[in-house]
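Working notes for the structure below.
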Amino acid sequence: MKRMFLLAVLITALAGALPASARGNAPARTATPIKHLINVMQENHSFDNYFGTYPGVDGIPAGVCVPVNPFDKHDRRCVRPFHIGDNDVQPADLDHSAATNRLQLDGGALDGFVYALNQRGQDGRLAMGYYDGRDLPYYWEMARQYVLFDRFFSSDHSGSDENHMYWVTGTAGEHRGPLPTEGYGNLPTIFDRLEAKGVSWKFYVQNYDPKITYRAKGELGNRESQVIWVPLLKYARYVDDPKLSSHIVDLGQYYKDLQDGTLPAVAYIVPSGASEHPPSSIMSGQRFVNSLLRALMQSDYWKDSAFLLNYDDWGGWYDHVNPPQVDKHGYGFRTPALLISAYAKRGYIDHTQLDYTSILKFIEHNWGLEPLASRDARANNFLDAFDFSQPPRSPQLISPEFRTPTQPQARRWVLYGAYGTAWSLGGLIIGWELFRSTRSRVRSRGGG
């Protein structure tokens with residue numbers, strides 16, 4: 001009996017020493033080698049605004065010039081795309097309402113980008129500004145190492161509210177416009193599906209404040225964005241049920257979960273100050289994403305995870321691709337999106353037509369869940385971005401201040417010196433050969 005007791009104590013102690021994944025929290029069965037999806041939603045940039053000059057993409061067309069007033073045939077003024085920072089135009093929070101979207105789209109003519117912002121009392125020229133690898137060194141290098149999507153559309157014509165709802169429900173929500181005081185009702189989310197299937201999940205929120213929910217909306221100033229970016233906080237059940245609310249946690253828990261072996265199968269992440277929402281710093285956003293990725297790459301989870309970075313809407317910026325109209329709500333304009341994974345194809349530009357419901361599609365496919373709505377049921381998956389025929393590759397640890405190495409330029413005096421030396425040597429060789437030839441002829445004549 002004593003021996004059995006000691007054996008039980010030993011087994012219990014060993015079990016406690018094992019990581020959580022080995023103590024009964026084993027990953028759920030998946031359709032692909034991907035056991036963990038980490039999805040970060042940043043803010044307010046179009047594809048052309050971030051990657052319009054990236055090599056090989058469907059980027060900014062040559063010679064494009066968007067009219068100042070497309071409705072006045074006598075006004076021949078237009079604005080060409082320009083690199084932000086090369087002139088006096090400063091980044092700003094551009095209007096990106098549904099009304100602005102309609103004016104910029106102009107029935108598919110895509111000629112209202114400048115005009116729409118001018119009508120809102122903003123500097124319409126700014127819509128044509130773009131960044132490039134000088135401003136986005138980390139993201140551009142991630143694209144070179146992993147996968148860049150150039151057909152990733154926002155799900156809705158309007159801004160953050162509806163697009164974040166598509167991100168978690170596959171719909172624009174039960175109510176377009178102001179959130180009702182009672183919040184959302186029974187509209188299902190992807191986390192309901194995961195919970196019912198027993199698949200682990202968490203919603204990580206930078207600077208999370210549990211008091212900021214739909215019940216406090218309108219009372220908290222700028223902190224209201226938490227309710228928009230974390231749609232679960234619009235639901236009474238996610239706010240009031242301790243079991244569900246325990247899944248909504250501060251971002252610091254993400255790093256702890258990586259260390260403790262408790263990273264969930266599906267992780268959604270939203271920022272706070274590092275959202276890249278204009279006019280906030282795009283470099284601080286890159287540092288933020290780098291910190292998330294670096295922690296993942298240095299953990300045991302890298303080998304079977306996929307990290308997806310995308311943006312919640314176009315932010316009022318120019319994009320030259322006419323979005324397909326799949327229904328009355330969307331698509332909206334393209335947004336940047338990157339996939340980083342040990343199984344991601346290297347330097348691959350994926351042209352698959354995608355939107356936020358494609359994220360739901362991947363989750364549903366990978367963990368065997370039923371679709372939430374017609375949108376995610378019809379959406380394309382992003383499986384083509386992976387190469388599962390090869391073993392997982394090692395991570396690329398890159399600084400957010402990464403700069404592509406350039407070929408060193410030789411100094412002019414070195415070049416001129418080299419040229420001079422070459423000419424001098426050439427002259428000596430020619431002179432020596434002439435001397436030898438002359439001497440040989442003289443000897444030949446003297447000996448006759």
Using packing as a proxy for protection, rank 99-109, 76-86 so that the peptide with the highest average count of other Cβ atoms within 10 Å comes first.
99-109, 76-86
Where does segment 100-165 land on Rg/Rh, using Cα atoms and the Kirkwood Rh?
1.05
Please list, in chain and number order, the residues 5+ apart from Y184 or on another chain whose amide H is under 5 Å from its amide H, with Hs placed from the backbone.
Y235, A236
Across segment 340-350, in residue order, what do the Karplus-derived ³J(HN,Hα) couplings come to in whole Hz, using 6.51 cos²θ - 1.76 cosθ + 1.60 with θ = phi - 60° and x for Gly and Pro?
10, 6, 4, 9, 5, 5, 8, x, 9, 9, 8
Output ordering of 262-271, 201-210, 87-96 (per-residue mean of other Cβ within 10 Å, highest first) is 262-271, 201-210, 87-96
Expressed in nm to one decimal, what extension gain is obtained for the pair S291 and A99 from 0.36 nm per residue of sequence separation less their Cα-Cα distance?
65.5 nm
When the Cα centres of segment 77-117 and segment 328-378 are compared, how far apart do they sit, in Å?
27
Percent of all Cα-Cα pairs per 10 Å bin for segment 34-385, counting from 0 up to the last occupied bin, reads 5, 26, 35, 24, 8, 1, 0
At R0 = 22 Å the Cβ-Cβ FRET efficiency linking A109 and D327, nearest 0.05, sits at 0.55
Just the C-alpha atoms of segment 17-168: what Rg/Rh do they give, with Rh taken as the Kirkwood radius?
1.10
Counting only Cα, what are the radius of gyration and maximum Cα-Cα distance Dmax of segment 196-289, in Å?
14.1, 41
Which of the peptides 332-341, 388-397 is most tightly packed, and how do the rest follow, judged by the mean count of other Cβ atoms within 10 Å per residue?
332-341, 388-397
State, as an integer percentage, the relative contact order of segment 34-385 based on alpha-carbon contacts under 8 Å between residues 6 or more apart.
32
Distance in nm between label sites at D241 and S394, each 7 Å beyond Cα in the beta-carbon direction?
4.5
Which FRET efficiency value, to the nearest 0.05, do you get for R378 and Q90 by plugging their Cβ-Cβ distance into 1/(1 + (r/R0)^6) with R0 = 35 Å?
0.30
Antiparallel content of DSSP bridges confined to segment 34-385, in %, to 5
30
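Values quoted throughout were computed directly from the atomic coordinates according to the rules given, and no laboratory measurement underlies them. Because the structure is predicted, anything quoted here is derived from the model rather than measured. We place every Cβ from the backbone using ideal geometry, glycine too, and count neighbours over all the protein chains shown.
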